[in-house]
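Student: One structure coming up, written as structure tokens, with questions to follow.
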Amino acid sequence: MHAAITGWGKCLPPAVLSNADLAQFLDTSDEWITSRTGIRERRISHVGLDELARVASLRALAAAGLAPADVELIVFGTTSFQDQAPNQSSGLQLALGATRAASMDVNTACTSFLYAWSTANALIRTGVVRNALVVGGEVISRFMDWRNRNVSVLFGDGCAAIVLQATEAETGLLGEKLGCDVGGRGSLVIEGMGARYADFSRRLGVTNWIFEGPEIFKRAVGGMGQACADVLAARGLAATDVDLVVPHQANLRIIEAVAKRLEVPMERVMVNVQRYGNMSAATVPVALVEALEEGRVKAGSLLLLPAFGAGLTWCAHLARWGDRVTPLGTSEAQLPPCSQSALEQVRALMRLRDGEAG
Ligand SMILES: CC(C)(COP(=O)(O)OP(=O)(O)OC[C@H]1O[C@@H](n2cnc3c(N)ncnc32)[C@H](O)[C@@H]1OP(=O)(O)O)[C@@H](O)C(=O)NCCC(=O)NCCS
């Protein structure tokens, strides 16, 4: 038994924050951000993660021709879950009316969607469920330290989902290599979120990001490069067999370094980091959906999806696309209108952080 990808959908909030917007309140420039990261703009969400996920999921389910009531499992990959308990996925289950589903969250930072896919794939392949909705989504803007230019220029909000269904054809995930370079655990830490800080002496959500960019860069390239080599070797395949690499989108230079290591030309690499920045768990599914929309995924395409995140978790997934690259149906689901610009939203978040709400 295998788990084919039969549906896909994304939901990006409409408000665009450009590099020039950031330069209005940070000592930074479009030139610095573009040359060091490849990022030109990112999205800022006017709604919570629950709403982005609801819309992305309804689009993915329509593409698969499945009703919410058909869904047997929801696995939600995210680091920005809205409540400690209950989990994010059960909130999505309620919003969708997916009453028959089991629901779980997976948090491995930026690799969360891919680890969620592994989890759902395993439960389908072992016969526990016959289908699953796998979501990767983040609203990072709410807990960003906007005045810290080392991190605030890098991240953005977004969400996407895929639907997996049991099949006897050898499609979907063919293999994955998962790991965690725990020696780098201290190189990306978000202080101020989580039970460690619930000591009533500080305001939860007022974060301090510990972020050693060059150290993460080095470990990310090494981890993703090795994971790709291992997952291909386990299947007796070479990088030349891969039709499209859909990597985690943190930094264009990291993507180029991994491609160089794999000896894959950039024409066979999906890149959209310039439009969205690093959306953590959402980057890979959004890039996958956009690769489909752009006709870059064909029937039978072999896809390689490497990623890394805080932990430092790393992974590479190898997937064979099935026969269908067009959605079976579309959904009318939309986000509510957004009345503020991205810059206005960010300024409001900074005021909240300063305790000057209003
Ligand atoms: C963060 C990153 C873009 C920095 O690029 P870099 O080329 O390594 O740059 P450095 O860290 O050496 O910083 C160079 C200078 O730019 C400055 N700088 C940092 N952020 C800046 C910004 N937004 N605007 C302008 N200058 C900035 C630094 O202060 C430093 O100044 P100094 O030389 O006077 O000390 C890069 O290391 C990176 O992408 N790392 C991976 C991080 C990542 O993706 N994490 C996500 C985990 S999922």
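This table checks each residue for (1) away from the ligand (no atom under 16 Å from the Cβ); (2) crowded, with 24+ Cβ neighbours inside 10 Å; (3) free of Cβ contacts under 8 Å to residues at least 12 places away in the same chain.
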position: Val16; (1), (2), (3): yes, no, no
position: Glu31; (1), (2), (3): no, no, yes
position: Ser45; (1), (2), (3): yes, yes, no
position: Gln84; (1), (2), (3): yes, no, no
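Student: Now a separate question. Can you tell me which residue is surrounded by the fewest Cβ atoms within 10 Å (Cβ to Cβ) among those in the range 165-184 that are in a loop (DSSP other than H, G, I, E, B) and of a type outside the set (A, V, I, L, M)?
Tutor: Going through the range 165-184, the residues in a loop (DSSP other than H, G, I, E, B) turn out to be 168-171, 181.
Now restrict to residues that are of a type outside the set (A, V, I, L, M): 168, 170-171, 181.
Working: Glu168: 8, Glu170: 10, Thr171: 19, Asp181: 18.
Ranking the candidates gives Glu168 first.
Yes/no matrix, rows are residues, columns are (1) over 16 Å from Ser89 (Cβ atoms); (2) not in a helix (DSSP H, G or I):
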site	(1), (2)
Ala122	yes, no
Leu133	no, yes
Asp145	yes, yes
Asn150	yes, no
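Student: Within the range 186-195, is there a residue that is modelled with pLDDT of 95 or more and assigned to a helix (DSSP H, G or I)?
Tutor: Looking through the range 186-195, at least one residue is modelled with pLDDT of 95 or more and assigned to a helix (DSSP H, G or I).
Student: Another question, then. Which of the residues spanning the range 187-210 are open to solvent by less than 80 Å² (accessible area, probe 1.4 Å) and touching a helix residue (DSSP H, G or I) at 6+ places or on another chain (Cβ under 9 Å)?
Tutor: The answer is Ser187, Leu188, Val189, Ile190, Glu191, Gly192, Met193, Gly205, Val206, Thr207, Trp209, Ile210.
To keep it simple, each residue is scored yes or no on (1) in a helix (DSSP H, G or I); (2) within 13 Å of the ligand (Cβ to nearest atom); (3) touching a Cys at 6+ places or on another chain (Cβ under 9 Å).
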position	(1), (2), (3)
Gly236	no, no, no
His248	no, yes, yes
Gln274	yes, no, no
Thr283	yes, yes, yes
Leu292	yes, no, no
Ala316	no, no, yes
Ala319	no, no, no
Thr326	no, no, no
Pro336	no, no, no
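Student: Could you tell me which residue of the range 213-234 is nearest to Gly309 (Cα to Cα), considering only residues that are charged (D, E, K, R) and within 11 Å of the ligand (Cβ to nearest atom)? Outline the logic, then answer.
Tutor: At the first step, the residues of the range 213-234 found to be charged (D, E, K, R) are 215, 218-219, 230.
Narrowing further to those that are within 11 Å of the ligand (Cβ to nearest atom): 215, 218-219.
Working: Glu215: 12, Lys218: 13, Arg219: 10 Å.
So the residue we want is Arg219.
Student: Considering only residues that are of a type outside the set (A, V, I, L, M, F, W, C) and either buried (at least 19 other Cβ atoms within 10 Å of the Cβ) or touching a Cys at 6+ places or on another chain (Cβ under 7 Å) (or both), look in the range 143-161 and name the one that is nearest to Glu31 (Cα to Cα).
Tutor: So, considering only residues that are of a type outside the set (A, V, I, L, M, F, W, C) and either buried (at least 19 other Cβ atoms within 10 Å of the Cβ) or touching a Cys at 6+ places or on another chain (Cβ under 7 Å) (or both), the one nearest to Glu31 (Cα to Cα) is Ser152.
Student: Any idea which of Leu26, Leu61, Leu94 is hydrophobic (A, V, I, L, M, F, W, C), outside any loop (DSSP other than H, G, I, E, B) and either open to solvent by less than 30 Å² (accessible area, probe 1.4 Å) or within 16 Å of the ligand (Cβ to nearest atom) (or both)? Even if it seems obvious, please write down each step before you answer.
Tutor: Details: Leu26 fails: outside any loop (DSSP other than H, G, I, E, B); Leu94 fails: either open to solvent by less than 30 Å² (accessible area, probe 1.4 Å) or within 16 Å of the ligand (Cβ to nearest atom) (or both).
One residue alone meets the criteria, Leu61.
The values are calculated or read from the model by the stated rules, or taken from the named source; none is laboratory data. From a predicted model like this one, the values you see are computed outputs, not experimental measurements. When we count neighbours, we look across all protein chains shown, and the Cβ atoms used for this are built from the backbone with ideal geometry, even at glycine. Accessible surface areas use protein heavy atoms only, side chains included; no ligands, DNA or RNA. Shrake-Rupley method; radii C 1.70, N 1.55, O 1.52, S 1.80 Å.
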